[in-house]
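First the structure, which I've put down as structure tokens, then a few questions once you've had a look.
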Amino acid sequence: MSIYATLWALRFPRYGEFHSNCEWVTVLAQGVPAHVGAEHSDPYAAFLPAFPDSVAAEVRAVVFVVEGAAKGTDRSGQEYVAPLLVLPGTEYASIPFPVLHERLCEALRGNRPRLAAEVLQRDGSSRLVFDDGSVTDVTCCRRNRT
């Protein structure tokens with residue numbers, strides 16, 4: 001049995017930044033109900049925010065993962081191996097969505113440079129220019145839109 005309940009699923013650009021040929025992934029918000037870990041010895045304290053200080057709106061924590069993320073570590077079968085972000089329920093209940101969106105995009109981007117511009121070419125390809133000065137050519141075919 002899982003300690004998580006899926007709160008929502010949204011599509012995000014694979015590497016946190018939209019461009020015309022970007023790949024998309026589904027990000028899941030996995031809520032941990034307020035009662036999880038309420039017992040005397042909290043078996044989830046090593047990877048979830050402290051109980052009970054993190055509880056708000058009946059949620060102890062929200063763990064954000066890419067769909068299909070591996071779950072189960074040496075520490076616990078309930079722990080996600082590489083979550084994008086873990087928020088206490090108190091923070092999740094008060095965070096504005098634009099701030100949450102930016103934090104999730106930053107997590108998806110990882111240590112890659114931020115996209116500064118996309119230059120669309122006549123042949124349908126594009127060139128991505130990043131804030132560190134690097135450039136990537138994207139040659140994937142684009143669909144014509146009518």
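What pairs come out if I take residues in the range 8-22 that are assigned by TED's automatic domain parsing to the domain that holds Glu102 and pair them with residues that are exposed (fewer than 13 other Cβ atoms within 10 Å of the Cβ) whose C-beta lies under 6 Å away, six or more apart or interchain?
Partner pairs satisfying both residue conditions: Ala9/Thr26; Arg11/Trp24; Arg11/Thr26; Arg14/Glu23; Asn21/Cys140.
Moving on. Of all residues in the range 1-47 being in contact with a Phe, Trp or Tyr (Cβ under 7 Å, 6 or more places away or on another chain) and among the charged types (D, E, K, R), which is nearest to Thr139 (Cα to Cα)?
Arg14
Keeping to the range 45-70, report how many residues are of a type in the set (Asp, Glu) and within 12 Å of Gln30 (Cβ to Cβ).
Residues that pass the stated criteria total 1.
The values are calculated or read from the model by the stated rules, or taken from the named source; none is laboratory data. Quick caveat, the model's predicted, so the values are computed rather than measured. Every residue, glycine as well, gets a Cβ built from its backbone with ideal geometry; the counts of neighbours run over all protein chains shown.
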